[in-house]
Amino acid sequence: MVRSKAAPKKPKRGVDFKKIKRKIGRKLPPPKNATNTQIKSKAIVLPEQSVASERVGLAVSKKGLTLRELLQQTSHHNAKIRKAALTGIKDLVLKHPSELKLHKLAIIEKLRERICDNDKVVGETLYQLLKTVIFPSSKEDITGAVISLLMAYIFNAMTHMAIDIRLMAFKFFELVVLSYPFSFMLYAEKVLDYYIDILRNNQIYLQEKNKLKNTLGGLVQCLSLLASKNEKEDRLHEENQNIVEKKRLHTFELEIYKDDAGISSIDKKLLDLVPILINCFQESTTLIRAMPIIDAQSFDCMLCTLQCINLAVKIVVHKIKKPFVSTGPFPPSLSDGPDMMRSSMFVYLKKLWEIFPVVQMHQSAEKEDDRYFTLNVGITEIFLHLSEWINDGTLATEKFLEFIENFLLGQVISSAGTHLLPKKVHVEKHLGSVLPFIPGLISQVTGSWKTSLLEGFTGAFKNCKVDSKLILAYLSALEEMLLPMENQSLLSFTFSYPDLLSYQIAWIQELPKILLQLGDKHPSVSKVVLKLILKIGQSSLPDSPLSLEYDYLQWPLREFYSTRRFSVIAGTIQYGPFTKLPNDCQEVALCCLYYFSNLSSDFLKSLTYCCLCDDLEPLILLRIIEVLHSSYKAGHVQISDQIGFLVTLVARFRVFPEIFISEGICMENEGKVSNQKTFKSVTGAVFTCLSQMGDNSLILKLLCKNIFNEISQKPPLDNIHGLLRMINVLDTRPTKLPEEDISSLSSYLSSYMVDAASYIPENVDVAVHSDGISIYQYYFQPCIFLFYRSDRLLYYILKFLDSLIIEDNMLLSSSSDVKSASEPLRRVHAVTFILIFMHNDGRLHRSLSSSEATVKCILQNICKLLGSSKFSMTLEERHRIQSLFDHLKTRVCKLHCWDVGDLEKV
């Protein structure tokens, strides 16, 4: 094979620049003629100017930002940073409350800029910051000037082009009004204009239900403030009415209130607002009827709409009912007064009347029926404000009255048109708003509807439990229908409808039952019931049917005070709720007693047992005595019953003395606080009543019969002491007591004196005044007055003391028992001291002189007893008795001018 020849090489040419291949990303070297500008120096460190050192001592958030930095970030273009800044402000203020207190104005001025924020999340975060932190922490510091800073931006947001910002502005305004109610009255007209403007947009109402609910909630709050303002003005007007009348007498001019001078601008705006709200409700009703089920948002919006209509109508009706006075130079025209307002209101509400009751066209669940029932109740309440004019033929009232009747009976109309029994809690929730209108409605309707409503109301009242929240509403309605004298229209209604009396009697009969069921658990409700009973008694004419029914209340009211139940063993007293109620309730209950035309004996017994309760306060006990005495003077209590009450009270009052001598008594009353001062106050009040009851001779005769009966039951010494003083109050010298009473009194009095002598200690000198002697002097004092007034009574007592000594002599001759032998010693001790006390009182010297033979006989028998060999005594006892007897002989001989030696010879 032949090889091919190689190609000839080309000759080399001259090259000006050499091409250099460089890798991509490699930095080009500087040119050879480049100037080096690099400067090398050491770093300068200034530790005092670092950022960390500037924050020392400042309040910072979790991310280390100060309040100033957070406020600056609220204006950042990034919504997330604005939200984070608001959250940081919340954390910082909660951690450092002083920051808000120091920079409150600066914080609000900066935060108000976010009211018109385009981001929904930022707006909601600002709302929560104001609601939970800023407003609660600055409740007292924020004034009208600070509110004005917020309101400028809120009003700006209310006119914003973005619908979300407009709706959010109303939510901010509601928050301001809830936190600071005074703010609404400053901007009422302007705010109502904005509400009217936003509610005219039907598209908003249909598409933005959730946000519109907040808007309507704010309107409810604003209208509630207007309504409460009217109520407050009415109360102030009633309080100052007397003052105003006095001024008119001197000025000869009619006082005019600003609110009465024609229709105000706020009233006109409410008249514009009502038809807008009704149109919204009417369109919503049309939509929900086509729905298979009403959704929660639609229901809430409709309910808020009805609440707004209700408040607006309430305010306008209040304006219509107030007296209209023109302040201009010309008389008022029909287009500028209450008549125009009334006619306009009926025109607007006619559309609402046409869709009542709201009923779904198809079958629905029980929950749906409850929702429709709630809406119908809301409509009912609106028209109840107009009940005074609703019966003039303007509107057909049958469906309205039928709904109220079924409502009182606890029935609702279902979607199928049948009557159902809704949940009791659901009915009670709405019944409270309707009950205040029932009396006025009953007074307006005629024919069979009057009976139907009365029947329904009575049945609902009887079925209401005493612990229900509705009980006060029922009682208020009862008061309005039971006391027609306060309302002229109801007074005429009573005469035109006599059948009302049977219902009034049924209502009155329920009041004691309510008191007993309440017990002492609900004193505020008990006070309302007692006040109603008191007003019935005060307003009832004598011998009228209501007055007779009021007297019949004594029988069921006995258990309210106390009752005595008898068992096989013994009778026990069961105290009623009266003893445990507060003093203000007890006072009202006692005032009711005065208006019973005739207090029965059984009721007085119940009241007497109540007075004997240890837990009853002394002031209430004295008040009972005072009220019953007033009733007696008014002729409402029989004289025998009044005396029986006073005697039983003194005889059975449980006294706990300050000093207990007997060991048994001390054990029984252990731990008890002495109430002797209370007993003295009670007896003092009783004595005052006795002295004012009339003829003392007749009173004393009736009194002694009761006193002897009580003393025969052997009450304690303190009670007998009080009973004896009752006789002293009425008796005179010479005594008014007949012979048979003196004889009976002597037997009781003798035992009392001997029992009281047990307080005298046996081991004290007669010249020394011990506590025991002072106590005996206290018990012995009533006896002194009785002896002073009746020599016959003193003679009987001395004969009884002599018989005691004779019995002691017989006891020694018939028994040698140690216990029987000690009995004469105690009797001698008691008789000796009793005689010493008699002779020490100068008032009895004359009476004792006439009975000196009996006194001498007593001394002789004592001598025989002491000289008996069977009378065993220790030397100490003999010395004590002998000293006491010698003292007695000295006093007796000095009084009767006897020779001591002759007496000793006996």
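Some notes on this structure:
- Here segment 591-630 is the region considered, the condition is being touching a Cys at 6+ places or on another chain (Cβ under 8 Å) and assigned to a helix (DSSP H, G or I), and the residue that is farthest from Ser544 (Cα to Cα) is Leu621.
- Among the residues of segment 858-884, those that are crowded, with 18+ Cβ neighbours inside 10 Å and either under 60 Å from the mean Cα position of the chain (by Cα) or without any contact (Cβ under 8 Å) to a residue 60 or more places away in the chain (or both) comprise Leu859, Asn861, Ile862, Phe871, Ile881.
- Considering only residues in segment 776-835 that are surrounded by 20 or more Cβ atoms within 10 Å (Cβ to Cβ) and polar (S, T, N, Q), the one that is modelled with the lowest pLDDT turns out to be Thr832.
- Screening segment 156-205 for helices (runs of 4 or more DSSP H) wholly inside it with 2 or more residues that are surrounded by 22 or more Cβ atoms within 10 Å (Cβ to Cβ), aliphatic (A, V, I, L, M) and not assigned by TED's automatic domain parsing to the domain that holds Asp119 returns the ranges 188-199.
- Residues of segment 65-82 include none that is within 48 Å of the chain's Cα centre (by Cα), among the charged types (D, E, K, R) and in a helix (DSSP H, G or I).
- When Ile320 is tested against (1) within 38 Å of the chain's Cα centre (by Cα); (2) modelled with pLDDT under 75, exactly one condition is not met: (2).
- Criterion (surrounded by fewer than 19 Cβ atoms within 10 Å (Cβ to Cβ) and part of a loop (DSSP other than H, G, I, E, B)) met by exactly one of Ile266, Ile293: Ile293
- Evaluated against (1) over 23 Å from Cys304 (Cβ atoms); (2) modelled with pLDDT under 75; (3) in contact with a helix residue (DSSP H, G or I) (Cβ under 6 Å, 6 or more places away or on another chain), Trp449 falls short on exactly one condition, (2).
- Residues that are among the charged types (D, E, K, R) and either farther than 16 Å from Val317 by Cβ or in contact with a Leu (Cβ under 8 Å, 6 or more places away or on another chain) (or both), drawn from segment 267-296: Lys269, Asp272, Glu283, Arg289, Asp295
- Out of Ser562, Ser567, Ser540, sole residue that is at pLDDT below 90 and either under 19 Å from Met481 (Cα atoms) or of a type in the set (Lys, Arg) (or both): Ser540
The values are calculated or read from the model by the stated rules, or taken from the named source; none is laboratory data. Small disclaimer: the values here were computed from a predicted structure and weren't measured. So basically every Cβ, Gly included, is an ideal-geometry build from the backbone, and we count neighbours across all protein chains shown.
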